[in-house]
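The values are calculated or read from the model by the stated rules, or taken from the named source; none is laboratory data. Everything quoted here is computed from the prediction, not taken from an experiment. Every residue, glycine among them, receives a Cβ derived from its backbone with ideal geometry; neighbour counts consider all protein chains shown.
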Amino acid sequence: MNAAVTVLTSVVVSAVVASIFNLFGQAAERRSRRKELIFLKALELAKANREFMVMVADKTGQKAKIADYVVYAEMYYLLLHDLYDKGSLPEDWQQTTKKMMDATFGEN
């Protein structure tokens with residue numbers, strides 16, 4: 001009888017430990033997938049923004065300063081990340097975006 005209790009206790013403990021590790025793994029995977037999704041959407045928005053700016057410049061005949069995709073992707077990633085985590089954009093997002101663009105193109 002004593003051996004049966006020991007075996008049963010071992011089985012229960014190992015099941016609980018395995019479940020805890022599984023929960024941590026699932027949480028880590030969800031965080032990773034969320035970051036990947038935000039990154040992919042930021043790239044899509046950066047591409048769309050750049051294509052839109054080129055189209056507007058072509059249609060209006062105006063010159064446009066267009067940064068590399070990575071600059072826009074970073075901007076969108078930061079904005080989407082805050083939007084997802086906090087439910088709103090940061091209060092100073094317009095100033096932060098302007099600083100990023102000024103750093104890329106130089107002050108006008």
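Matching residues to (1) without any contact (Cβ under 8 Å) to a residue 12 or more places away in the chain; (2) part of a helix (DSSP H, G or I):
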residue	(1), (2)
54	no, yes
57	yes, yes
79	no, yes
89	yes, no
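Let's see how each residue does on (1) at pLDDT 90 or above; (2) more than 22 Å from the chain's Cα centre (by Cα); (3) of a type in the set (Gly, Ala, Ser):
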{"site": "12", "(1), (2), (3)": "yes, yes, no"}
{"site": "26", "(1), (2), (3)": "yes, no, no"}
{"site": "35", "(1), (2), (3)": "yes, no, no"}
{"site": "46", "(1), (2), (3)": "yes, no, yes"}
{"site": "62", "(1), (2), (3)": "no, yes, no"}
{"site": "65", "(1), (2), (3)": "no, yes, no"}
{"site": "97", "(1), (2), (3)": "no, no, no"}
{"site": "100", "(1), (2), (3)": "no, no, no"}
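Considering (1) assigned to a helix (DSSP H, G or I); (2) within 21 Å of residue 96 (Cβ to Cβ); (3) out of contact with any Pro (no Cβ under 9 Å at 6 or more places or on another chain), the lone condition that residue 66 does not fulfil carries the number (1).
If you go through segment 58-100 and pick out every residue that is under 20 Å from residue 34 (Cβ atoms) and exposed (fewer than 10 other Cβ atoms within 10 Å of the Cβ), you end up with 3.
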